[in-house]
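One structure is given below, encoded as structure tokens.
The values are calculated or read from the model by the stated rules, or taken from the named source; none is laboratory data. As the structure is a prediction and not an experimental result, all values here were calculated from the model. Because the Cβ atoms are built from the backbone with ideal geometry, glycine has one as well, and the counts that use them run over all protein chains shown.
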Amino acid sequence: MSEISIGIDVGGTHTDLIAIQGGRAVRAKAFTTHNDYSEGIFVALEAAAAEFDISVDELLANQARTFVNGNTIVTNAVTELKGAKVGVLVSGGFADIVRFGRGNRSNEFDDQLQVNLPQIVPQQCIIEIDERIDRDGNVIIPLERDQVAAAVQKLLEHGVDSIAVCFLWCTRNDIHEREAERIIHEISPDTFVTCSISAASVFREYERWMTAILNCFVQPPVNAFVTKVSAGLSDRGYRRAVEFFNGLGGVLGAEEVRKLPILLYSSGPAGGAIGAAALARRYGIENLLCGDMGGTSFDTTLIHKTKPLVAQRCRIGSFDTAISLLDIISIGAGGGSLIGLDARGVPKVGPQSAGSMPGPACYGNGGTLPAMTDCMVTMGFLRPDNYLGGRHSLDVEAAKAALLLHVGNAMGWDAEQTSAGAYNLAVANMANALRGVSIRRGYDPRKCTFVAYGGALPMFAAAICRALNITDMIVPNHSSAFSAYGLLEADYIRRKSVTVGWTVEDRDKLPTMVALRNALEEEVAAEIEHAGFERDAIQLLHGADFRYAGQLNEMYMDLDQDDILSEGPSGMRDKFDLAYETEFGPDTAWRNSGLMLVNYVITGIAIREKPHIEPVAIDPQEATFALSGTRPVFLPDVQERIDTPIYDSEKMTPGAWFDGPGIIEVRDTTIYVPTNARVERDGYMNFRLTL
């Protein structure tokens, strides 16, 4: 038997698994176990092993070639503000930066809704150290060992779990941060330490320091998870490296995750984006809009020229950081998103979720609040005895009662009207999120194909397309586990930056710039080589953050390796002017201003073996589909319950098609095909909708 690649995505409600062996793909789903995330993983592994007709031990010991995990642990810790007690050593006179941040107001028009930054570090755990390095890297005030030792002892007495070292201008000279780290380990070897230069080697102290602090904050839950999963796999016979997915769309080893756990932020949604990028290349489609609606959230991003967009200096929760992530917008709109009335008595969907336990009212696990899943079973989209392939039944009457009690009675609606209203509100919220990654970034959604995945989105996707005038849509065959599939399409990625501050017109400093670039290349390549890849298999991509002289913020641009050496039309100046006007409009480039290269960026990529998927031949004469029957479904677009054809996906062969309205029942998802839409199953076994 050929080897099996396993991808597992731990979401807020469900843990999704996909296992690929040659041309065969097996998917499994389990409820996420928030008290111990590893439990849900091994339940899903049990289900997958049963599909292969082998034991879990045999699967892991003899068959598994790759095990990649994406999860929401870091996202949950930051969202819920549940993490380590962090201590901070900071340059003298700058302690309040940690508390005040940039002092930015949120985009709320109502002053009553303005909130301060959450204080994840107690004020008494921020201790100033009398050290100073200037902007040129010169030591102005030396670091005193005794002062650092006394500060560390005080932090330990306060009961801190980890310590962040945050000094000014470490990007020019990191000697003080490294020395402070050494002193901490001398005094308390088991205390987790993050130097800000290790978390982010770029200027802007608040963003760099907050990256280090958040890294310390999320370390305990991540370390416990990595340890437990690694041990559980090892106990069951798995002997290869356990890999984890990061928010930039690549894989990392367990050792790196333990050092920089913050990189796991948004790793689940990133898996879907990488899977969509692979799908774009497979179909030859340059621009895709992606949507992932699971149990807790709706995540969306844009694939441009078959690559996901990358966002610089990302906001994590309420905090500005210096890390780069795939440009993903997330909102609280999932199958478990709660439906209720706000303070004004207006219906709302999310952002709170019922989660997996107790879950929506229809789960029968003690949940009493209505969620989107309650709406879908009430309207008839979901067959109560077929949820998760029949492994879990849904209580329709409990769903209706919860909807009426918490929303319907107050609005004068019956359960169906309440469900349809919540459905349309969720569609509007998701359409707005898609506008955020397309229109607001200068891309026309009408020129994109929409890829809809996640267990819940195929029921909503056609309505979202209608709201945005999108006419082409793909629902992947493994929609409910598509983010888990994307984990197997990823390469090993390391991305590092160095602050330069070089004015491009100053050619006298070009040798210094070249030396910094070469050193950064070597650092990235050495780290990937240390992870087990051959040096000649590593691809290094170049880029930089630029700004015109006088501007405050930078814009990232990809570079060729030798762009910094060129002064002609193919050089950085003309290239950046063009990129700037592409982003902000004609004649916006500051052509008479100097150009500054602020941060140089190297992305190292080591190609990993990926699933090999070939399309099957389509014979229109042989294509068949099975009509299972009809059932009354309350269709929100027509506000009426209609006998709707129901189709069995297992009996819908490549080339088969039908016109809506209709519902395709898949083992772990449901696809709604509305009126005036056509669906066809293509050679990749995906469902292609034309609206």
Filtered residue count, segment 255-302, keeping only those that are at positive phi and touching a residue at least 12 places away in the same chain (Cβ under 8 Å): 1
Whichever residue in segment 301-315 is assigned to a loop (DSSP other than H, G, I, E, B) and crowded, with 19+ Cβ neighbours inside 10 Å and, among such residues, is nearest to the chain's Cα centre (by Cα): Cys314
Test: Glu416 is surrounded by 15 or more Cβ atoms within 10 Å (Cβ to Cβ), outside the structural domain of His478 (by TED's automatic domain parsing) and among the acidic types (Asp, Glu): yes
Conditions (1) assigned to a helix (DSSP H, G or I); (2) surrounded by 15 or more Cβ atoms within 10 Å (Cβ to Cβ); (3) not assigned by TED's automatic domain parsing to the domain that holds Met210; number of the one not met by Ile97: (3)
Residue list for segment 454-489, filter: in a strand (DSSP E or B) and hydrophobic (A, V, I, L, M, F, W, C): Met473, Ile474, Val475
Selected residue (only one of Ala462, Ala484, Ala456, Ala433 is modelled with pLDDT of 95 or more, in contact with a strand residue (DSSP E or B) (Cβ under 7 Å, 6 or more places away or on another chain) and over 30 Å from Arg135 (Cα atoms)): Ala462
Sole residue being at pLDDT 90 or above, part of a loop (DSSP other than H, G, I, E, B) and crowded, with 17+ Cβ neighbours inside 10 Å, chosen from Ala84, Ala49: Ala84
Filtered residues of segment 432-452 (kept if under 20 Å from the mean Cα position of the chain (by Cα) and part of a loop (DSSP other than H, G, I, E, B)): Ser438
Some residue of segment 62-72 being in a strand (DSSP E or B), closer than 17 Å to Arg208 by Cβ, touching a helix residue (DSSP H, G or I) at 6+ places or on another chain (Cβ under 7 Å) and among the β-branched types (Val, Ile, Thr): no
Scope segment 316-348; condition buried (at least 19 other Cβ atoms within 10 Å of the Cβ), touching a Cys at 6+ places or on another chain (Cβ under 9 Å) and part of a strand (DSSP E or B); matching residues: Leu325, Ile339
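Residue by residue through segment 490-506, note down the ones that are assigned to a loop (DSSP other than H, G, I, E, B) and surrounded by fewer than 23 Cβ atoms within 10 Å (Cβ to Cβ). Write out each step before concluding.
Step one: filter segment 490-506 for residues assigned to a loop (DSSP other than H, G, I, E, B), giving 490-491, 504-506.
Once the filter is applied, which keeps residues that are assigned to a loop (DSSP other than H, G, I, E, B) and surrounded by fewer than 23 Cβ atoms within 10 Å (Cβ to Cβ), segment 490-506 yields Asp491, Val504, Glu505, Asp506.
Residue-by-condition table, conditions (1) at pLDDT 95 or above; (2) buried (at least 18 other Cβ atoms within 10 Å of the Cβ); (3) under 33 Å from the mean Cα position of the chain (by Cα):
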position: Asp146; (1), (2), (3): yes, no, no
position: Val160; (1), (2), (3): yes, yes, yes
position: Arg172; (1), (2), (3): no, no, yes
position: Arg182; (1), (2), (3): yes, no, no
position: Ile187; (1), (2), (3): yes, no, no
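Are there strands (runs of 3 or more DSSP E) fully within segment 134-243 with at least 3 residues that are of a type outside the set (Lys, Arg) and closer than 23 Å to Ala322 by Cα? List them.
Counting at least 3 such residues, we get 162-166, 192-195.
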Segment 618-648, subset modelled with pLDDT of 90 or more and of a type in the set (S, T, N, Q), residue nearest to the chain's Cα centre (by Cα): Thr644
